Structures are given as structure tokens and as C-alpha cells.
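Notes for the one structure printed next.
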Amino acid sequence: MSRTRTALLAAMALVAGATGTAFAVDPDGAGVAAVPCTVDYKIQNQWSTGFTAAVTITNNSAAKSSWSLKWSYAGNQKVTSGWNAKLSQSGAAVTAANETYNAQLATGGSVSFGFQGSYSGSNAVPATFTLDGVTCNVDGGPGGPTDPPDPGGPSNRVDNPYSGAKVYVNPEWSANAAAEPGGSRIANQPTGVWLDRTAAINGAGGKMGLRAHLDEALRQKGSGELVVQLVIYNLPGRDCSALASNGELKPDEIGRYKTEYIDPIKAILADPKYASLRIVTTVEIDSLPNLVTNTGSRPTAVPQCDVMKANGNYVKGVGYALNKLGDVPNVYNYVDAGHHGWIGWDDNFGPTATIMKEAATAEGATVNDVHGFITNTANYSALKENNFTINDSVAGKSVRESKWVDWNRYLDELSYAQAFRNQLVSAGFNSNIGMLIDTSRNGWGGAARPTGPGATTSVDTYVDGGRYDRRFNAGNWCNQSGAGLGERPQAAPAAGIDAYVWMKPPGESDGSSKAIPNDEGKGFDRMCDPTYTGNPRNNNNMSGALPDAPVSGHWFSAQFRQLMQNAYPPLS
């Protein structure tokens, strides 16, 4: 998200939380000071001799064409390897300098990098950071300017809800993860809570309901800020092109959606008891993009999607959800925006932004009810393909002509999310919207991860030999074989991106490999069948799905173990 407001950031002074995270506080509460830069240093994983950390710098001073961040350790920590910055260490002193591709740091802009280190004894967060010689996280000096409170209206929402905040760890998912061999390495990561049917609001099948999660979130919050991530996912005629995640409501049951689903959720979220939480809602995964790509005379058209386009209930349902949930002052609505392998083509890109604007102004909603958008939810598209670019040519052919890219304008989620954000602003959304990217299953690490581009024999050998994403086709979405955990959740990792998130809890199935009777309204989709040879939506490729999968949302141990094995950055 563009950093147009610095009220929150300007209050920062560094303190070390129990998790090793740098938090923001206003020590005297007397007002908001001018902080030239802020540094968020998070210890993401820690074991007996080592750790991984993520660092986010936000620049509140003049724009920079290069940058250098320095800190010193109080203990014997050593940086052993890093990414997205050039790291060096002399004694206790560490320097992180920009790479060529992230040298530009605009006023209000952020940049992130990470590293792996070793230690013995304690592993304290550094006390002081300097950016190009200027101390961060403290007042720029006496008499410095101050910022007024966030001008976003009576809600006083912050610009990026993830900045300076912890994120809720679902104890049910955490327990499943910790029960797997090696799962304790990631069991403390935050994931989304999926409200995928009406019964989920109060809890079904022995699971926690919404109030139980929010009560637990208050416990986890303590005295700091905390984000709770909810997936709003129960439209009538839900997922018209994917039977595995069909829902409980029939295509014409928009009234039930409003009164039995959205209204009860709003009533709970509006309880003053939960006013101190930052509640992020990701609204109706896979709905609006279907109205663009899978309707009409297109070869990818699905009759059920034509029904939903004709009755308008996706647009009405999303608009109603945005309107009602947006009335709650501490709710941040993010609308699902598909992924690059779905919307990245010219004939999908602009029309999808247009229909999102239509939904955001339906049923009493306005664009002010939309804080941002999320891409790659529950999907596998690589965050960043580094071994080739969309502008490369091989043997006289553009990369866009390869079978994998197939004339798409985007290779990965980061480039797509940043470009689509600009398109959404052009379509009429506020200029400070931010993007989330679901990185829960798009790491594509392990032994098969390419270390460079493929052979230049042809454009296909070049792309296929170098791409991290190893699916048969970017349209494959169900329990993909070979996938791995992606970037760990983190705030403000790149320009225009509010956070990388694990909205889809790793280890929860996308759909069953064969028909399994259930009382959750979830059908069987051949895209979850390992023997399926495909359809026009995946260019008639094999499904690439893992065998023996349970119903969507149920724990899939084999998938979870594969995701850990192929994690990138790798788990230790």
C-alpha cells in the first residue's frame, strides 16, 4: 500500500517482543514525532543454534537511489546467508546494502530482505538501526513536524493493518501442524480462519466458532496490536467453475447469504469487546474473476458461471459484504483478485478490475469500503520468477510465446499484484489501496528448484528449465504435487504490498481425489483427481493433483509434509 500517512510509523520506538519482533510504541503518549525511518526486525524461526529473520525498512525521508542499513548485535549472532540485500558482518556490526533491483526507496516506501544466522546463548533483537547514517525508530529531533491522526474517517483505520502488529495464530491449525514430524518449525505461523459455511460462524464439528477465535485473539494480542485474518467465503452458487469448493447456498439464495451469513458475522465483529483487534477480511475467493473468464462464448465457459453472471448474485453478495463489514471501524476488507495465471491476459486484466469496481459500488458499498485486494489465495503461482523475464527472447521467439506463459503479460504474483493494483486505481479505487499475496504454498523449493534459466534450444526449453513453478499448467489449482511453503508471512515486503500472508492454511486440502459424501455441500472436481487429463481451463493438461486427498478444508498430512520438504526459503 502507498505510505501516504505516517502517523502510526512516526510513533515507533523499538522494543523487543517475546517473539523477537520489533514493535512500534509511543513511549510518552504525548504526540506523534517525525521518525525519519522505521525498521521492523522479526525473528521468524529459531532453533538451538540458528535462526531466520525478516527485516522491513520504511523510509519517511527524501527518496533514495541506494540504501545501507546497519546494526550491531549484543551477543554472538552471525549472519550466514541472506536474500534481497547484500549482507556483510565485521565483529558484531552488520551492514545490509541494496541489490540493484531494490535500490530505489521512495518517500513512504518500504523494502524487505531476510537472512539466516547462527547464535549461541541469547538471540536478542538489535537495539539500534541506522539507515544511511540516520538512526531509525526514534524522533528525528526536537521541534520536528508531527502528523495528525489517520484521516480515514471515524474508523481511524491505519494505512497498513499489518505494520507494527502480530498476526493471529489459529490454535487448531497450529495443533495439526505441530503434530506432524517437523511441523513445530512453522506451527507458530499465522493463517487465515475460513468461514466457509454458516455453521462455521458458531463452530461446527467440534471446531472453534468466530467468537472463540476472536476471544483467543484478544489473549494473544496482549498490549500490542494484532491482526485477525478471516476468509468470507459462502456466496450463493459459490465457485461456479470448481465443484470441490461448491458451497451450501443455491445460486438464487442471496437473501439467505445476507441474513444468515453476513449479518451474523457483522454482529459479532461489531461487538465493542473486539474493537482493539485489526480484523482483515478477505472477501469471496474466486467469485468475481469467474464472471470474466468462465462465461459467455469463451472456450472456458461454464454454465453455472453464466447463471451467476445473469442473476448478479456474486456482484450483489460481494457488495453487501463490503458494505456491512466495512461499517465496522476496525475491519479491513480485501477483495479476492485471482492470480496471474488466471487474470494476467489482456482480455481478462481490465475487465476484472471493472467488475470489481461494479461489486464495490453495489448494495450500498463504496470504494471506501475496500482497503485492498488479495491475490493467489489458496493457489500456487510463484511469487517471483528470477530466471527469465517477460521481455526475453530465445531462438527468435518471445518468452510470451512459450507454452507455459502462453501470451500472458505476467510471470509471477509479485509483478501481477503490483500491476493489477495500478489497474484497480485506474478503475476508480482509492490510490492508497494495498495488496496481499498468499504465499502459503508457492515456494517451489527442494531439489527440483532450478538455479538458472533453461537451455536456449527453444523458448520452451528456456522457460521450462528455469521456472520455479513446476505445475503442468498455471490453471492447475488442486493439491499440486511438488509444491512447497513460500515466503513466511511478513508486513510491507514490497512496493504496494501490505503483506505476504498464509491465508490458505498449509496442509488443508483443496478438494478430494475422489467423490466423498459430506454434509458441507462440497462436491468432487476432476481437477483434484490425479488421473484427470484436463479441460480447456488448463489447456487440457494433467491435473497434477496429489492422490488420496480428503474433502476441501480437511487436514491432508501427505500434502503438509510435502510443503515442508519443498519449502522456499527452506526450513531448517
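The values are calculated or read from the model by the stated rules, or taken from the named source; none is laboratory data. In this text, all values refer to a predicted model and were calculated from it rather than measured experimentally. Counting neighbours? That spans all protein chains shown, and the Cβs are built from the backbone with ideal geometry, glycine included. These area figures cover heavy atoms from the full protein model, side chains too; ligands, DNA and RNA do not enter into them. Shrake-Rupley method; radii C 1.70, N 1.55, O 1.52, S 1.80 Å.
A few comments on the model shown:
Here's the yes/no breakdown for (1) free of Cβ contacts under 8 Å to residues at least 40 places away in the same chain; (2) within 29 Å of ARG441 (Cβ to Cβ); (3) not in a loop (DSSP other than H, G, I, E, B):
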| residue | (1), (2), (3) |
| --- | --- |
| TYR261 | no, yes, yes |
| SER276 | no, no, no |
| PRO289 | no, yes, yes |
| ALA301 | yes, yes, no |
| ASN333 | no, yes, yes |
| GLY341 | no, yes, yes |
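- When residues in segment 178-205 are screened for being in a loop (DSSP other than H, G, I, E, B) and of a type in the set (Lys, Arg), 1 of them pass.
- Residue list for segment 429-488, filter: assigned to a loop (DSSP other than H, G, I, E, B), of a type in the set (Val, Ile, Thr) and open to solvent by 10 Å² or more (accessible area, probe 1.4 Å): THR451, THR456, THR457
- In segment 342-363, the qualifying residues are those that are open to solvent by less than 10 Å² (accessible area, probe 1.4 Å) and under 21 Å from the mean Cα position of the chain (by Cα), and the one that is nearest to GLU225 (Cα to Cα) is ALA360.
- Given (1) open to solvent by 10 Å² or more (accessible area, probe 1.4 Å); (2) within 23 Å of the chain's Cα centre (by Cα), index of the condition ASN311 fails: (2)
- Residues being aliphatic (A, V, I, L, M), buried (at least 16 other Cβ atoms within 10 Å of the Cβ) and not in a strand (DSSP E or B) - total across segment 88-139: 2
Per-residue answers, yes or no, for (1) at pLDDT below 95; (2) open to solvent by 20 Å² or more (accessible area, probe 1.4 Å); (3) over 20 Å from the mean Cα position of the chain (by Cα):
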{"site": "ILE254", "(1), (2), (3)": "no, yes, yes"}
{"site": "LYS266", "(1), (2), (3)": "no, yes, yes"}
{"site": "LEU269", "(1), (2), (3)": "no, no, yes"}
{"site": "TYR274", "(1), (2), (3)": "no, no, yes"}
{"site": "LEU277", "(1), (2), (3)": "no, no, no"}
{"site": "THR281", "(1), (2), (3)": "no, no, no"}
{"site": "ILE285", "(1), (2), (3)": "yes, no, no"}
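- The listed residue being small (Gly, Ala, Ser), buried (at least 16 other Cβ atoms within 10 Å of the Cβ), assigned to a loop (DSSP other than H, G, I, E, B) and at pLDDT 80 or above, out of SER61, SER48, SER66, SER2: SER61
- Qualifying residue in segment 398-419 (condition: among the β-branched types (Val, Ile, Thr), open to solvent by less than 30 Å² (accessible area, probe 1.4 Å) and not in a loop (DSSP other than H, G, I, E, B)): yes
- Restricting the first member to segment 189-218 and to residues that are of a type in the set (Asp, Glu), and the second to residues that are open to solvent by less than 10 Å² (accessible area, probe 1.4 Å) and not in a helix (DSSP H, G or I), the beta-carbon pairs closer than 8 Å and six or more apart or on different chains are ASP196/VAL231; ASP196/ASN234; GLU216/TYR168.
- Filter result for the condition that a residue is open to solvent by 40 Å² or more (accessible area, probe 1.4 Å) and either among the polar types (S, T, N, Q) or more than 24 Å from the chain's Cα centre (by Cα) (or both), over ALA199, ALA204: ALA199
- Selection status of LEU230, open to solvent by less than 10 Å² (accessible area, probe 1.4 Å) and either more than 22 Å from CYS528 (Cβ to Cβ) or in contact (Cβ under 8 Å) with a residue 60 or more places away in the chain (or both): yes
- Of the residues making up segment 169-176, one or more are assigned to a helix (DSSP H, G or I) and closer than 25 Å to MET435 by Cβ.
- Subset of segment 238-252 [open to solvent by 40 Å² or more (accessible area, probe 1.4 Å) and in a helix (DSSP H, G or I)]: LEU243
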